[in-house]
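Novice: Handing you a structure now.
Rule-based calculations on the coordinates, nothing more; no lab input. As the structure is a prediction and not an experimental result, all values here were calculated from the model. In this analysis, Cβ positions are derived from the backbone assuming ideal geometry, glycine residues included, and neighbour counts consider all displayed protein chains.
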Amino acid sequence: MLGEYRIQGRGAAEIAAGVERAVGAGELEPGQPLPPMRELAGRLGVNPNTVAAAYRILRDRGVIETAGRRGSRVRPRPATTGREELRVEAPAGGRDLSTGNPDPALLPRLAPALAVAAEEGDRRPVRYGDDPVDDGLARVARAELDEDGVPQGPLTVTSGSLDAIERLLTAHLKPGDTVAVEDPGWGSLLDLVPALGLRAVPVAMDDDGPCPGELRRALEAGARALIVTDRAQNPTGASVTATRARALRAVLREHPQTLLIEDDHGHGIVDLPLHPLAGVTRHWAFVRSAAKAYGPDLRLAVLAGDPVTVDLLRGRQRLGPGWVSRLLQRTVLHLWTEGAVDRAAVAASYGTRRDALVDALADRGVTAHGRSGMNVWVPVPDETGAVARLLQGGWAVAPGARFRLASPPGVRITISPLAMADIGPLADAVARAVRPSPARVYG
């Protein structure tokens with residue numbers, strides 16, 4: 001079952017550490033089954049409860065997965081092999097279109113906003129026990145959420161979208177539970193789910209967002225949570241339309257116990273309307289982050305949710321960092337209210353470049369997707385070959401393996417570093433690197 005590798009150890013922690021080292025070293029491969037608990041306990045001369053505890057540690061750390069009578073096995077994509085390692089280096093003199101970063105020219109200057117926030121901090125120092133959310137930020141955020149149709153609910157602040165999602169999943173789910181995720185989807189999220197000991201089930205995408213039939217299949221199979229990107233979906237640029245939102249809400253009404261998490265990281269950089277799904281399940285959270293509009297180093301997101309969910313998140317947060325710096329909260333508030341970002345101009349800048357690339361690729365017979373945001377997704381028949389050929393031409397793009405579970409191959413192109421003069425040469429290079437692909441559904 002294990003080939004040449006023999007599990008060793010007397011205590012649960014020792015057994016678990018040995019297995020995790022073997023996975024990291026490649027001695028135990030993804031998908032490889034582990035011995036039944038009683039069998040391993042007999043071999044090691046320990047109580048079966050000791051092996052059960054070791055397997056529980058490994059499951060909680062995302063190293064293995066358990067499937068009842070089918071036993072335990074190394075995860076197909078264990079947490080020790082993160083998707084961030086699937087990177088390419090831009091050649092000397094080449095262009096790096098792989099990072100997913102916003103255009104620095106469209107980000108506001110932080111020094112004036114930080115100075116205003118610091119002066120207020122000098123006048124009103126934050127103390128232990130103070131409310132973790134700045135009153136001004138809460139008022140502004142709630143007003144905009146009301147305009148966008150996000151249901152009423154308490155607010156809190158987290159250190160970005162991924163921090164919020166991690167705390168939400170940990171608060172509501174237990175290791176072994178299943179989470180429905182977009183496919184293709186955000187690579188960091190696809191790494192996070194197994195790292196928490198959870199199982200990801202893919203939900204296929206098209207330009208309008210998750211496909212309702214795929215969502216129904218995932219929920220009927222037992223998924224306890226759904227994570228949706230409302231706009232500027234990474235990597236495809238999909239945006240949930242009003243029609244698709246109605247269809248998805250209808251599916252969610254059939255499964256009211258589902259934890260719904262909505263990610264609106266595109267706020268401030270897209271000009272498409274928001275069509276939130278919240279309000280049809282018992283537990284929900286809507287997360288709006290500042291990173292894309294104001295800068296990745298502003299690790300801050302505003303979260304609205306049902307009272308139980310927000311209370312659970314705040315409780316876990318109090319046991320860790322306590323709160324997100326009020327200095328950062330006041331900085332974001334100043335940027336938000338003083339018009340530091342011309343949202344229409346930013347959305348137009350990204351949209352012009354994105355649409356131009358999609359159109360140029362279409363002219364060359366290459367299908368591409370990018371309804372919103374700063375990324376374009378190009379389905380390809382040979383992902384490795386396409387990435388390699390583009391590198392040879394001086395263009396670094398992100399391999400689709402960073403973003404996929406079951407969906408077909410593709411590459412992600414971040415348009416933020418592009419000038420309009422780059423569009424034609426890049427489209428020519430992509431057309432040479434891939435064959436035309438008529439696929440309209442990504443998974």
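Novice: Within 10 Å of each candidate Cβ there may be at most 11 other Cβ atoms; applying that plus a DSSP loop requirement, which trypsin sites (Lys or Arg not before Pro) in segment 155-232 survive? Walk me through the numbers on the way to the answer.
Specialist: Details: sites: R167, R199, R216, R217, R224, R231; in loops: R224, R231.
For trypsin sites (Lys or Arg not before Pro) across segment 155-232 that sit outside H, G, I, E and B with at most 11 neighbouring Cβ atoms in 10 Å, the list is empty.
Novice: Can you list residues from other chains, or at least 5 along the same chain, whose modelled amide H is less than 5 Å from the amide H of G209?
Specialist: S239
Novice: What shape does segment 325-417 take by its C-alpha gyration tensor, where a ≥ b ≥ c are the square roots of the eigenvalues and a/c under 1.5 counts as rounded, a/b above b/c as prolate, and the rest as oblate?
Specialist: Details: a/c = 2.78, a/b = 1.90, b/c = 1.46.
Judged from the Cα gyration tensor, segment 325-417 comes out prolate (a/c at least 1.5, a/b above b/c).
Novice: Still on this model: For Cα pairs less than 8 Å apart in space and 6+ apart in sequence, what is the mean separation divided by the residue count of segment 328-443, i.e. the relative contact order in percent? Can you show the working numbers first?
Specialist: Details: 160 pairs, mean separation 35.0, N = 116.
For segment 328-443, the relative contact order is 30 percent.
Novice: So what is the 222 nm mean residue ellipticity for the chain from helices alone, if each DSSP H run of at least 4 adds -39500 (n - 2.57) and you divide by all residues, rounding to the nearest 500 deg cm²/dmol? Can you show the working numbers first?
Specialist: Details: 15 runs with 176 residues, N = 443.
Estimated from H runs of four or more residues: -12500 deg cm²/dmol.
Novice: Further question on the same structure: Where both residues lie in the chain, what percent of DSSP beta bridges are antiparallel, nearest 5?
Specialist: Working: 23 of 43 bridges.
The antiparallel proportion sits near 55 percent.
Novice: I would also like to ask the following. Per residue, how much space in cubic angstrom lies within the convex hull of the C-alpha atoms of segment 27-68? Each step should come with its number before you reach the end.
Specialist: On the way: hull volume 3.3 nm³, N = 42.
Expressed per residue, the convex hull around the Cα atoms of segment 27-68 is 79 Å³.
Novice: Here's a follow-up. Given points 7 Å out from each Cα along the Cα-Cβ axis, report the R364 to D428 separation in nanometres with one decimal.
Specialist: That separation, rounded to one decimal, is 0.9 nm.
Novice: Which distance in Å, rounded to a whole number, links the C-alpha centroids of segment 357-428 and segment 131-202?
Specialist: About 28 Å separates the Cα centre of segment 357-428 from the one of segment 131-202.
Novice: Another question, if that's okay. Share of Cα-Cα pairs in the chain beyond 29 Å, in percent? Please list the in-between numbers first.
Specialist: Working: 50367 of 97903 pairs.
The answer is 51 percent, as a whole percent.
Novice: May I have the convex hull volume per residue, in Å³, for the Cα set of segment 111-337? Walk me through the numbers on the way to the answer.
Specialist: Numbers: hull volume 25.2 nm³, N = 227.
Cα convex hull per residue, to the nearest whole number: 111 Å³.
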